[in-house]
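Scroll down for the structure; my scribbles are underneath it.
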Amino acid sequence: MKLITYILLFTSLNAFSNDADSLFAIGNYHYDNEAYQKAIESYFAIESDEHASAVYHNLGNSYYQKGDIPNSILFYERALLLKNDLQTQENLKLAKKRIQEIESIPILFPIHWWNSISQLLHTKHWMILSSVFVWISCLLLFLFFKNRQKATFNLFLTAVFFTILLSLVSHRSNHLGKKTYGIILKNTPFFSDITDSKTSVTVTAGNKIEIIDNNYEEYSFITLQNGESGWVSQSDIEGI
């Protein structure tokens, strides 16, 4: 039965080499049969964005099974950018247990909550909601001047409050969206001062970083999860 399935899938690959569904199915077949490198090649051959989140998730799984933990973390992170999937989150946590992860700076609950709210929607959606409430506020103000009712004025104040709140959320969402993150793909020297190559520590592969400046020759200026900033080789990191 497996042989028949393989023949059908192989035929599908040759007949529909540009078909995302076929390539995705073939990648899954190779993964189920523990041919992880072939699965990776099939997933990478998919040009369509139709399966993007699932493809990244499966690439993360394939790299994990191969023992390439840094790349598995990279693709789990990419999958989560597209879809906040619980299974991907669990797989990412499992992968991070396999590396020497740098301890993150604790984030106060109010800030964590505010960031979580800001990331529920894309920035443009928050901006649209904010604009809608601006128009609602204007309409209610017009109605108040027309009928002078206290209830209308209270509704106007409520609309203004939500307009300000949504504007702040939109601003925070835009700020977070502009940040660029990456993954260290192999153990790399970390220089706090790029002019002094002797003073360095090693950052282990798999750690997530924030990329601040990527335009200094072959080095990137980054911030580690513990808040320390410094320089690493661009060839040792990959943007999420």
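Of everything in segment 44-84 that's hydroxyl-bearing (Ser, Thr, Tyr) and more than 15 Å from the chain's Cα centre (by Cα), which residue is farthest from Asp32 (Cα to Cα)? Per the stated criteria, the residue is Ser48. When Trp113 is tested against (1) at pLDDT below 95; (2) crowded, with 18+ Cβ neighbours inside 10 Å, just one condition goes unmet, and that condition is (2).
Scanning segment 212-240 for residues that are in a loop (DSSP other than H, G, I, E, B) and closer than 26 Å to Leu92 by Cα turns up Leu224, Gln225, Asn226, Gly227, Glu228, Ile240. Here Leu166 passes the criteria (1) surrounded by fewer than 17 Cβ atoms within 10 Å (Cβ to Cβ); (2) aliphatic (A, V, I, L, M); (3) under 30 Å from Arg78 (Cα atoms); (4) free of Cβ contacts under 8 Å to residues at least 60 places away in the same chain except the one numbered (1). Residues of segment 190-211 that are aliphatic (A, V, I, L, M), assigned to a strand (DSSP E or B) and touching a residue at least 24 places away in the same chain (Cβ under 8 Å): Val203, Ile209, Ile211.
Does Thr123 satisfy the criteria of being free of Cβ contacts under 8 Å to residues at least 60 places away in the same chain, assigned by TED's automatic domain parsing to the domain that holds Asn33, surrounded by 18 or more Cβ atoms within 10 Å (Cβ to Cβ) and touching a helix residue (DSSP H, G or I) at 6+ places or on another chain (Cβ under 7 Å)?
It is false that Thr123 is free of Cβ contacts under 8 Å to residues at least 60 places away in the same chain, assigned by TED's automatic domain parsing to the domain that holds Asn33, surrounded by 18 or more Cβ atoms within 10 Å (Cβ to Cβ) and touching a helix residue (DSSP H, G or I) at 6+ places or on another chain (Cβ under 7 Å).
Screening Leu129, Leu120, Leu108 for residues that are over 18 Å from Ser167 (Cβ atoms) and hydrophobic (A, V, I, L, M, F, W, C) leaves exactly one candidate, Leu108.
Among the residues making up segment 23-71, those that are of a type in the set (Gly, Ala, Ser), at pLDDT 95 or above and outside any helix (DSSP H, G or I) are Ala35, Gly67. Can we say Glu77 is part of a helix (DSSP H, G or I), of a type in the set (Asp, Glu) and closer than 12 Å to Asn207 by Cβ? The answer is yes for Glu77.
Residues being part of a helix (DSSP H, G or I) and surrounded by fewer than 17 Cβ atoms within 10 Å (Cβ to Cβ) are entirely absent from segment 179-189.
Do we have any residue at all in segment 140-161 that's of a type outside the set (S, T, N, Q), closer than 23 Å to Lys93 by Cβ and surrounded by 17 or more Cβ atoms within 10 Å (Cβ to Cβ)?
The initial filter retains those residues of segment 140-161 that are of a type outside the set (S, T, N, Q), namely 140-146, 148, 150-151, 153, 155-157, 159-161.
The next check asks that each one be closer than 23 Å to Lys93 by Cβ; those that pass are none.
No, segment 140-161 contains no residue that is of a type outside the set (S, T, N, Q), closer than 23 Å to Lys93 by Cβ and surrounded by 17 or more Cβ atoms within 10 Å (Cβ to Cβ).
Restricting attention to segment 82-101, the residues that are in a helix (DSSP H, G or I) and surrounded by 13 or more Cβ atoms within 10 Å (Cβ to Cβ) add up to 8. The selection criterion, being at pLDDT 95 or above and closer than 30 Å to Ser220 by Cα, holds for Ile184. You will find that of Ser131, Ser104, Ser137, the residue that is over 21 Å from Asp49 (Cβ atoms), outside the structural domain of Asn187 (by TED's automatic domain parsing) and outside any helix (DSSP H, G or I) is Ser104 and no other.
The values are calculated or read from the model by the stated rules, or taken from the named source; none is laboratory data. Just so it is clear, the structure is predicted and the values come from calculations on it, not from any experiment. Cβ: placed from backbone, ideal geometry, glycine included. Neighbour counts: every protein chain shown.
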